[in-house]
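First up is the structure itself, then whatever we jot down about it.
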């Protein structure tokens, strides 16, 4: 019985394909794309000014509000700036760390180092951000307490604090793909480069960097997109600043169409980003 | 060639998404602001075995957070109604949750209650079925945010005023007016705080109501466009003075303690907590009066467990539970008999629970609507959804 | 490999700086779990173990841990099923929509959580009228974790090629037997690595969960969110976080053990 099913299946590759694809496609297209589409359509609707109920009447008022108010341009630029800085900082930290882990540390230490980098992923997000609040508190925080005597002061709460906090949260997500990429890189390649007379830096720039570029992009998918949509970090250590996510969150339940309108911005930014990195093969190394 | 293929694939995928989206999107017509007709419960029957509640953190405690803090287990034993709670973090979220129809009861603040009433999401409450209603302070009953035309839509739970906090060791002289947080030349620039919510626009409106009578503000939650713009303009002046806006009170108290914040909006519970941590801080109700909140237990118009819901509403405002929840959360209880049952005998004095005159100039949070709440018919007022937009805009300007 | 000693030491010290950056805030969490101040003021004036004993008596946190575990395991199971079958389809067949589907699978993790969250919440509550509960959390989590399983499986399937399977079939095994005895064992470590990352992503997820959790269900991050902002409870949260860090050694140890016998399982 079992083998006859197997034979029947084997003779019909089309059927096998459909069987394989049906569930995931249904899930992604119906559950996810459908939900996303419904949300984006809502951006063209409006609300009953009293009850907050969505009224399905096509209009562009929300987009007009968003585009004419300079506040939204500010928050988009600020959020983009923060997400890019976080990505850059994570990359700057992650490349040497991953390189050390993959190519210099002894194999036994390698595993310990990976474990050490992974551990903070399990301490809750919120707790880590509150720990940074303790660190950054002006005058009485850990940074001012330790480094104050030598003249280094905490930046306090605001944009730099958000960048530090988010870099902290997402750093492991950047280290891991780069580490995996470097691990796959044969040592002989680096030796060859050295034998041909290239210095360390030259080898790094012309051999290593191009080869780990997809891993770097894969890591940036996390650091960039997670930063783009964050709103909790800004609430806790952002001082007066808000990010795009805060605006979406604030409007979500009182004015869903407007929240949806704002949400089109990160969706558009990520669509462009995905489009740009699609060719690098990075998407396969997430 | 490949590129073309991808484009056609994307086109197909987005077409599917759009079709799905448009079939599913609701076809609601714009409704007029009339009161939806919702039937009131006539009599109580047997419990359904459970009740689903949306509440503020700390309102529904079953001992799982602190074994001593528990007014749910007794209720469950007594009535056989199992309590399922969903903690709402903002009023807006609570409204959204109530719209799902999955919940029977909500602890709605004034910036949510009218929306729920006019949205048809909550039903009038038959107060005869809530015996403990008789002991509720009279000045909390049948108010603008919990009733319509004398029909009660909820059971008052507790209240608090939004006070002005200041560090007594740093702020000198002690402030007496909200002007202290709106003074562009304040010596405490960068160390002032404000509540991080669109409802804070009402605080600015209240200050203008008392200091600029020619604007004609009568009620901080009924602002026509001109008055609204004036309030927002005042907040723009205030923004450079602000160090942080606060939403969660851990952050607020930590900041008062570190001295990052020395002046600004607060709640009594924060003052008590900071003082217990040794912070030299005081909270006052300034001469202009203040905004405040009064929460109301409301029952869903689509309640699946109405009997248990009524039992819950009665139980939570019983003197015992009301005292316990008021102390745990840090607010003035609504039940007059609760004051005898608090573990701290000065509790009701600290929170001015029974002092009717104290609350005379406290303007409880209310939902601004297009129809002006102060009764003006000649102008349209700015609805709350516009408050939210204005707040987003202000915060990011 | 020839790396100058100077570069070697430079890299080593950068590694040290990186680890310090990671661990100083974590030690602050652990110290604060003994800090007698309820608002974590620094430096601690005095120390106490009362938060630890309170946390032990706290049944809410244990329940929340249970919900997180259940949601994480269910979401991971779905992600495994869907991610693996999609990886098979993409690696072994050519079909219309292949490129779009491989972009689509990445979309949920690349779009901000707040967008995914409100989209799902809107779809569940307003459009479909589904009651939110454990299942809606699982749906949300599975949606954005499919990709990690998919990518791990796809990479392994591409590297494996089809020759082993063909050999098995030539020797008379049918498709199911081949899958069971050849394909699956070769895929296992990649699937495990993917599953572990999927579980990890689900376990600490807060944004999508906020929008999809139903009444009576608090995952651990939601419990933390609800409790962190109440000063009476906040110190206990530090205890929970400190415990999580310690407990996390177990899954990390497992993943390390598993990656020992595979060269590419070490993506996590």
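Give the residue, chosen from C:240, C:208, that is over 17 Å from the mean Cα position of the chain (by Cα), at pLDDT 85 or above, buried (at least 19 other Cβ atoms within 10 Å of the Cβ) and in a helix (DSSP H, G or I). Before the answer, list the steps.
On the way: C:208 fails: over 17 Å from the mean Cα position of the chain (by Cα).
Only one candidate passes the filter, namely C:240.
What are the residue pairs meeting all of these: first residue in the range C:149-168, first residue within 11 Å of another protein chain (Cβ to nearest Cβ) and touching a residue at least 12 places away in the same chain (Cβ under 8 Å), second residue buried (at least 20 other Cβ atoms within 10 Å of the Cβ) and outside any helix (DSSP H, G or I), Cβ atoms under 8 Å, and 6 or more apart or on different chains?
Close Cβ pairs (under 8 Å, with a partner that is buried (at least 20 other Cβ atoms within 10 Å of the Cβ) and outside any helix (DSSP H, G or I)) amount to C:150/C:105; C:151/A:286.
For residues that are touching a residue at least 60 places away in the same chain (Cβ under 8 Å) and under 18 Å from residue B:318 (Cβ atoms), tally how many sit in the range B:79-92.
Final tally of qualifying residues: 3.
Being over 18 Å from residue C:235 (Cα atoms) and away from chain B (no Cβ under 11 Å) is the filter here, so list the residues in the range C:52-72 that pass it. Break it down into steps so the answer makes sense when it comes.
Kept after step one, since they are over 18 Å from residue C:235 (Cα atoms), are these residues of the range C:52-72: C:63, C:66-72.
Passing the criteria: C:66, C:67, C:68, C:69, C:70, C:71, C:72.
Take residue B:278 and tell me if it is within 14 Å of another protein chain (Cβ to nearest Cβ), farther than 15 Å from residue B:390 by Cα and not in a helix (DSSP H, G or I). Don't jump to the end; show me each part of the working.
Values: within 14 Å of another protein chain (Cβ to nearest Cβ): yes; farther than 15 Å from residue B:390 by Cα: yes; not in a helix (DSSP H, G or I): yes.
It is true that residue B:278 is within 14 Å of another protein chain (Cβ to nearest Cβ), farther than 15 Å from residue B:390 by Cα and not in a helix (DSSP H, G or I).
Residue check: is residue B:199 surrounded by 15 or more Cβ atoms within 10 Å (Cβ to Cβ) and on the phi < 0 side of the Ramachandran plot?
Values: surrounded by 15 or more Cβ atoms within 10 Å (Cβ to Cβ): yes; on the phi < 0 side of the Ramachandran plot: yes.
Criteria met by residue B:199.
Confirm whether residue A:149 is more than 9 Å from chain C (Cβ to nearest Cβ), assigned to a helix (DSSP H, G or I) and surrounded by fewer than 24 Cβ atoms within 10 Å (Cβ to Cβ). Steps first, answer last, please.
On the way: more than 9 Å from chain C (Cβ to nearest Cβ): yes; assigned to a helix (DSSP H, G or I): yes; surrounded by fewer than 24 Cβ atoms within 10 Å (Cβ to Cβ): yes.
Judged against the criteria, residue A:149 is a match.
Identify, please: which residue in the range B:294-312 is touching a helix residue (DSSP H, G or I) at 6+ places or on another chain (Cβ under 6 Å) and farther than 12 Å from residue B:154 by Cα and is, among those, modelled with the lowest pLDDT?
B:303
Residue B:330 passes all but one of (1) surrounded by 16 or more Cβ atoms within 10 Å (Cβ to Cβ); (2) farther than 19 Å from residue B:196 by Cβ; (3) not assigned by TED's automatic domain parsing to the domain that holds residue B:240; which number fails?
Single failed check for residue B:330: (2).
Condition (residue is in a helix (DSSP H, G or I) and surrounded by fewer than 21 Cβ atoms within 10 Å (Cβ to Cβ)) applied to the range B:284-301: is it met by at least one residue? Before you say what the answer is, go through the steps one by one.
The initial filter retains those residues of the range B:284-301 that are in a helix (DSSP H, G or I), namely none.
Scanning the range B:284-301 turns up no residue that is in a helix (DSSP H, G or I) and surrounded by fewer than 21 Cβ atoms within 10 Å (Cβ to Cβ).
Go through the range C:1-34 and give me each residue that's under 30 Å from the mean Cα position of the chain (by Cα) and either within 14 Å of chain B (Cβ to nearest Cβ) or part of a loop (DSSP other than H, G, I, E, B) (or both). So that I can check it myself, show each step before the final result.
So the first thing to find is which residues in the range C:1-34 are under 30 Å from the mean Cα position of the chain (by Cα), and the list is C:11-34.
Residues satisfying the conditions are C:28, C:32, C:33, C:34.
Go through (1) under 21 Å from residue C:29 (Cβ atoms); (2) at pLDDT below 90; (3) within 12 Å of chain C (Cβ to nearest Cβ) and name the single condition residue A:171 misses.
Failing condition for residue A:171: (2).
Looking at (1) surrounded by fewer than 23 Cβ atoms within 10 Å (Cβ to Cβ); (2) touching a strand residue (DSSP E or B) at 6+ places or on another chain (Cβ under 8 Å), find the lone condition where residue B:206 falls short.
Going through (1) surrounded by fewer than 23 Cβ atoms within 10 Å (Cβ to Cβ); (2) touching a strand residue (DSSP E or B) at 6+ places or on another chain (Cβ under 8 Å) one by one, residue B:206 breaks only (1).
For the range A:117-150, which residues satisfy the criterion of being without any contact (Cβ under 8 Å) to a residue 24 or more places away in the chain, under 17 Å from residue A:160 (Cβ atoms) and touching a helix residue (DSSP H, G or I) at 6+ places or on another chain (Cβ under 8 Å)?
Matches in the range A:117-150: A:131, A:134, A:135, A:137, A:138, A:139, A:141, A:142, A:143.
Among the residues of the range C:89-105, write down those that are surrounded by fewer than 22 Cβ atoms within 10 Å (Cβ to Cβ) and either touching a residue at least 40 places away in the same chain (Cβ under 8 Å) or under 18 Å from the mean Cα position of the chain (by Cα) (or both).
Across the range C:89-105, the qualifying residues are C:91, C:92.
Can you report the number of residues in the range B:235-267 which are over 24 Å from the mean Cα position of the chain (by Cα), within 18 Å of residue B:281 (Cβ to Cβ) and away from every other protein chain (no Cβ under 11 Å)? Reasoning before the result, please.
At the first step, the residues of the range B:235-267 found to be over 24 Å from the mean Cα position of the chain (by Cα) are B:237, B:240-241, B:257-260, B:262.
Next, from what is left, pick out any that are within 18 Å of residue B:281 (Cβ to Cβ): B:257-260, B:262.
Still in the running and away from every other protein chain (no Cβ under 11 Å): B:262.
Summing the residues that are over 24 Å from the mean Cα position of the chain (by Cα), within 18 Å of residue B:281 (Cβ to Cβ) and away from every other protein chain (no Cβ under 11 Å) in the range B:235-267 gives 1.
Take the residues in the range A:96-116 that are touching a residue at least 60 places away in the same chain (Cβ under 8 Å) and more than 9 Å from every other protein chain (Cβ to nearest Cβ), then tell me which one is surrounded by the most Cβ atoms within 10 Å (Cβ to Cβ).
First, the residues of the range A:96-116 that are touching a residue at least 60 places away in the same chain (Cβ under 8 Å): A:97-99, A:101-103, A:114.
Filter once more, keeping what is more than 9 Å from every other protein chain (Cβ to nearest Cβ): A:98, A:102.
Working: A:98: 29, A:102: 22.
Of everything passing the filter in the range A:96-116, A:98 is surrounded by the most Cβ atoms within 10 Å (Cβ to Cβ).
What are the residues in the range C:106-122 that are assigned to a helix (DSSP H, G or I), closer than 13 Å to residue A:260 by Cα and within 7 Å of another protein chain (Cβ to nearest Cβ), if any?
At the first step, the residues of the range C:106-122 found to be assigned to a helix (DSSP H, G or I) are C:107-110, C:113-122.
With closer than 13 Å to residue A:260 by Cα added as a condition, the list becomes C:114-122.
C:114, C:115, C:118, C:119, C:120, C:122, listed by residue number.
Here is a list of conditions, (1) in a helix (DSSP H, G or I); (2) modelled with pLDDT of 85 or more; (3) surrounded by 23 or more Cβ atoms within 10 Å (Cβ to Cβ), and residue A:157 meets all of them except one; can you say which number that is?
If we test residue A:157 against (1) in a helix (DSSP H, G or I); (2) modelled with pLDDT of 85 or more; (3) surrounded by 23 or more Cβ atoms within 10 Å (Cβ to Cβ), just (1) comes out false.
Can you go through A:233, A:264 and tell me which one is part of a helix (DSSP H, G or I), surrounded by fewer than 20 Cβ atoms within 10 Å (Cβ to Cβ) and in contact (Cβ under 8 Å) with a residue 24 or more places away in the chain? Give the steps one after another, and end with the answer.
Numbers: A:233 fails: surrounded by fewer than 20 Cβ atoms within 10 Å (Cβ to Cβ).
Every option except A:264 fails the conditions.
Residues that are within 7 Å of another protein chain (Cβ to nearest Cβ), in contact with a helix residue (DSSP H, G or I) (Cβ under 8 Å, 6 or more places away or on another chain), more than 20 Å from residue C:120 (Cβ to Cβ) and at pLDDT below 80: does the range A:21-29 have at least one? Walk me through how you get there before you give the answer.
Going through the range A:21-29, the residues within 7 Å of another protein chain (Cβ to nearest Cβ) turn out to be A:21, A:23-25, A:27-29.
Going one step further and asking which of them are in contact with a helix residue (DSSP H, G or I) (Cβ under 8 Å, 6 or more places away or on another chain), we end up with A:21, A:23-25, A:27-29.
Filter once more, keeping what is more than 20 Å from residue C:120 (Cβ to Cβ): A:21.
So of that shortlist, the ones also at pLDDT below 80 come out as none.
No, the range A:21-29 has no match at all.
Test each condition in (1) modelled with pLDDT under 80; (2) crowded, with 24+ Cβ neighbours inside 10 Å; (3) closer than 21 Å to residue C:101 by Cβ for residue C:194 and report the one that comes out false.
Single failed check for residue C:194: (1).
The values are calculated or read from the model by the stated rules, or taken from the named source; none is laboratory data. What you are looking at is a predicted structure, and each value in this text was computed from that prediction instead of being measured. Positions of Cβ are generated from backbone atoms using ideal geometry, with glycine treated the same way; all protein chains shown enter the neighbour counts.
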